[in-house]
Amino acid sequence: MRLFEVEALTVGITGSPFPILREVSFYVEPGEVLALVGESGSGKTMTALAAMGLLPFGIEMTGGDVRLEGDSLVRTGGTVERSAAQMSMIFQHPTSALNPTMRVGHQVGRVIQINQRLGRTQSLEAAVELLKHVGIPGAKRVARNFPHQLSGGMCQRVMIAMAVACQPRLLIADEPTTALDVTVQAQIFDLIKSLVSEIGCGVLFITHDLGAVAEMADRVAVMYGGQVMEESPVRDLLAEPRHPYTRYLLESVVREVDHRVEDIGVDFALTGCRFGHRCPYVHEKCNGFPPLVEISPSRRVSCFLKTEELR
Ligand SMILES: Nc1ncnc2c1ncn2[C@@H]1O[C@H](COP(=O)(O)OP(=O)(O)O)[C@@H](O)[C@H]1O
Ligand SMILES: [Mg+2]
């Protein structure tokens, strides 16, 4: 059984005909790292928030399903039915994701207290052990600090400790190192990798950085404009990108590309492919929404170009 599956997830501002996410589909197998990659504003965070049942006020899920180990997490109307106890999320800005008024040891301790039903003192001791385990030097002392007294990297380690304290089945990491220095980034990646193999959980790893994808992920789903363009094992995607957008994304790492496209008088925003206005292969058909179609047993692409043409 798939560990985690998002199927045709559609999310939008209440009352607006223009969806923010349009039929987003991907899955995570047990023990696997799936990277959700896309430029800023492509809908990665929104996807994670919808999956966690944490959509901001005024934004709702209007279609699709999210399943953890086969159980649907959503009721019609978009409320999360089962608590997200089996899913944890690490956020992009660790300092602001922590409670500024609470000592970090207590924050981690609270999670342990709730999840493992331990007493307050025991939870605090367990929290210090966990802070040690995520590589915080002088954990006992650090536990008494407030978030503002710690560096961004240390705060992210605290967040990670809180996330793994619940022994999640799925860990969602939303750009966990974007706000950190490059050297710290490598350490956080290593930490996530080692904890994941220890717990045996699956990971939804969100990033805009293809280097991080290559470093961390087994498979990748490429997003643009709230649409999943391509889903593929990482190696295949990097060697042979199929979707015109994926190609554009890979090319743009190497050099600045400018895809100027002739206006064919089609309003892509509402009904069509979200990449239509920038795609060099655009044609009339792209005015309809391209479904995510299997082009090989391990790859799916959302494009009207035929499989042969996508080679
Ligand atoms: N609170 C909000 N209200 C309305 N639109 C939003 C809100 N938050 C994000 N969006 C829009 O949703 C889209 C996806 O945003 P987001 O998921 O944050 O992108 P990413 O994480 O890939 O950078 C963007 O176009 C953004 O403008
Ligand atoms: Mg984001």
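The values are calculated or read from the model by the stated rules, or taken from the named source; none is laboratory data. None of the values given here were measured: they were computed from a predicted structure. Quick reminder, even Gly has a Cβ in these numbers, built from the backbone with ideal geometry, and neighbours come from all protein chains shown.
Looking at Cys279, Cys303, Cys273 in this structure, which one is modelled with pLDDT under 90 and surrounded by 19 or more Cβ atoms within 10 Å (Cβ to Cβ)?
Only one candidate passes the filter, namely Cys279.
Select, from Arg235, Arg219, the only residue that is among the basic types (Lys, Arg), within 19 Å of Glu32 (Cα to Cα) and under 15 Å from the mean Cα position of the chain (by Cα). Steps first, please.
On the way: Arg235 fails: under 15 Å from the mean Cα position of the chain (by Cα).
It is Arg219.
Modelled with pLDDT under 90, within 16 Å of ligand 1 (Cβ to nearest atom) and surrounded by fewer than 18 Cβ atoms within 10 Å (Cβ to Cβ) - does that describe any residue in the stretch 95-109?
Looking for residues that are modelled with pLDDT under 90, within 16 Å of ligand 1 (Cβ to nearest atom) and surrounded by fewer than 18 Cβ atoms within 10 Å (Cβ to Cβ), one finds at least one in the stretch 95-109, hence yes.
Name the pairs whose Cβ atoms lie under 6 Å apart, with the first residue in the stretch 7-28 and under 20 Å from Val293 (Cβ atoms), the second surrounded by fewer than 19 Cβ atoms within 10 Å (Cβ to Cβ) and of a type in the set (Lys, Arg), and 6 or more positions between them or separate chains?
Once the first residue is under 20 Å from Val293 (Cβ atoms) and sits in the stretch 7-28, its partners that are surrounded by fewer than 19 Cβ atoms within 10 Å (Cβ to Cβ) and of a type in the set (Lys, Arg) give Tyr27/Arg2.
Return the residue satisfying two criteria in turn: it lies in the stretch 238-247 and is farther than 17 Å from Glu39 by Cβ and touching a residue at least 60 places away in the same chain (Cβ under 8 Å), and of such residues it is surrounded by the fewest Cβ atoms within 10 Å (Cβ to Cβ).
Glu240
Within the stretch 46-61, count every residue that is touching a strand residue (DSSP E or B) at 6+ places or on another chain (Cβ under 9 Å), without any contact (Cβ under 8 Å) to a residue 40 or more places away in the chain and either among the charged types (D, E, K, R) or within 8 Å of ligand 1 (Cβ to nearest atom) (or both). Give the derivation first.
Taking the stretch 46-61 first, the residues touching a strand residue (DSSP E or B) at 6+ places or on another chain (Cβ under 9 Å) are 46-55, 58-61.
From what is left, the residues that are without any contact (Cβ under 8 Å) to a residue 40 or more places away in the chain are 49, 53-54.
Remaining after also requiring either among the charged types (D, E, K, R) or within 8 Å of ligand 1 (Cβ to nearest atom) (or both): 49.
Qualifying residue count, the stretch 46-61: 1.
Every residue in the stretch 104-157 that is on the phi < 0 side of the Ramachandran plot and small (Gly, Ala, Ser), please.
Gly105, Gly109, Gly119, Ser123, Ala126, Ala127, Ala139, Ala143, Ser151, Gly152, Gly153 - these are the residues of the stretch 104-157 that are on the phi < 0 side of the Ramachandran plot and small (Gly, Ala, Ser).
I'd like to check which helices (runs of 4 or more DSSP H) are fully inside the stretch 137-255 and have at least 3 residues that are farther than 27 Å from Gly41 by Cβ.
The qualifying helices (runs of 4 or more DSSP H) are 139-142, 152-165, 182-199.
For the stretch 176-204, give me the residue count where each residue is more than 18 Å from Val134 (Cα to Cα) and within 16 Å of ligand 2 (Cβ to nearest atom).
The total comes to 3.
Output the residue which, of all residues in the stretch 139-160 that are modelled with pLDDT under 95 and of a type in the set (Gly, Ala, Ser), is surrounded by the fewest Cβ atoms within 10 Å (Cβ to Cβ).
Once the filter is applied, the top-ranked residue is Ser151.
Keeping to the stretch 204-223, report how many residues are surrounded by fewer than 24 Cβ atoms within 10 Å (Cβ to Cβ) and under 22 Å from Gly276 (Cβ atoms).
1
Please state which of the following conditions Ser25 fails to meet, knowing it meets all the rest: (1) more than 13 Å from ligand 1 (Cβ to nearest atom); (2) at pLDDT below 95.
Every listed condition holds for Ser25 apart from (2).
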